[in-house]
Amino acid sequence: MRPGVVAVVSVLTSACLLGLAPAGSVPLPDRMADTGGGSQLITAVAPGTGSTAGTLTWWDRRDGHWVPAGSAPARFGAAGLVEGTARKQGTNTTPTGLYDLPYAFGIEAAPPGTTYAYRPVRQESWWCQDVDSRSYNRWSEPRAADCRATEAEHLVTYGSRYAHALVIGYNYRAPVRGRGAGIFLHVNGAGPTAGCVSVPADAMRDVLRWAEPGSRPHIAVGTESGDTAITRY
């Protein structure tokens, strides 16, 4: 090997050891504008805004570096993805952006090893999506008197889809009425979602066992490029 080549290889090797790997191998979280400030992150990436499928990856930050802990195929809204701040309720679109994960819930018991706050679904458990209700975009148990049943999800009726789920903090802390309610990470149904992100059942269980409240996990949803690129969030 020529001396010049040896020098280049030496520099590249040193760069990799310092975490300065070539751009193509830099972990996705390190290319994002924000990761939520915690040491756990979920990324849900679709090829484009018209996509209904993509990839979910969950990451841990260890010794100053992001490392993948698991990955699974993901599904998105039947009408694709849209910037979260521009989303309209009832459009079957998945909101892009960076969100916290307030708590988990499920029709089934929490998977063994789960430490995240987990709320069991009961017969009287509802998620209110009524824009005229004081309980808009909130769990309501029993259903609030001002929340119409036709404008709410009766959680127990969703069967295997809500066997296990995580609440995505989209439009949650200070809800804007009409922007959308009930956006979750949950188990796959028969096809695309109505705006949530979904994954296979075993992946959902793995995510719940992995999530640690003290690590402040967030979820970033976005596309590979463009105005809704996940690296913008």
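Details
- Nonpolar atom fraction for the chain, defined as the carbon and sulfur part of the 1.4 Å probe accessible area, stands at 53 percent.
- Given their separation in residues at 0.36 nm each and the Cα-Cα distance between them, GLU151 and ASP227 gain 24.2 nm when the chain is fully extended.
- Whether the range 151-212 is rounded, prolate or oblate, judged on the alpha carbon gyration tensor where a/c under 1.5 counts as rounded: oblate
- Listed residues LEU56, CYS128, ALA33: farthest to the positive end of the dipole of the chain (Cβ charges): ALA33
- DSSP beta bridges in the range 126-233 [antiparallel fraction, %, rounded to 5]: 70
- In the context of the full protein assembly, HIS65 retains an accessible surface of approximately 80 Å², using a probe radius of 1.4 Å and ignoring ligands and nucleic acids.
- Rounded, prolate or oblate (a/c below 1.5 giving rounded, otherwise prolate when a/b exceeds b/c) for the range 107-233 by Cα gyration tensor: oblate
- Exposure here means at most 15 other Cβ atoms within 10 Å; with GluC sites (Glu not before Pro) in a DSSP loop as sites, the longest stretch of the chain lacking them is 1-107.
- Angle of helix 3-17 to the longest C-alpha principal axis of the chain, folded into 0 to 90 degrees and rounded to 10: 30°.
- Taking all protein chains into account, the per residue accessible area for the range 25-107 stands at 40 Å² (1.4 Å probe).
- Ordering PRO73, HIS154, THR43 by Cα displacement along the dipole of the chain toward the positive end leaves THR43 in first place; charges were set at the Cβ atoms of Lys, Arg (+1) and Asp, Glu (-1).
- Distance from the alpha carbon centroid of the range 166-227 to that of the range 116-134 works out to 16 angstrom.
- With the helix formula -39500 (n - 2.57) applied to DSSP H stretches of n ≥ 4, the chain reaches a computed 222 nm mean residue ellipticity of -3500 deg cm²/dmol.
- Global geometry of the range 30-76, whether rounded, prolate or oblate, following the gyration tensor of its Cα atoms and the 1.5 cut on a/c: prolate
- Between 0 and 90°, nearest 10: helix 201-210 axis offset from the chain longest Cα axis: 70
The values are calculated or read from the model by the stated rules, or taken from the named source; none is laboratory data. Here the structure is a predicted model, which is why all the values come from computation and not from measurement. With ideal geometry, Cβ positions are generated from the backbone for all residues, glycine too; neighbour counts draw on all protein chains shown. Note: areas computed on protein heavy atoms with side chains; ligands, DNA, RNA excluded. Shrake-Rupley method; radii C 1.70, N 1.55, O 1.52, S 1.80 Å.
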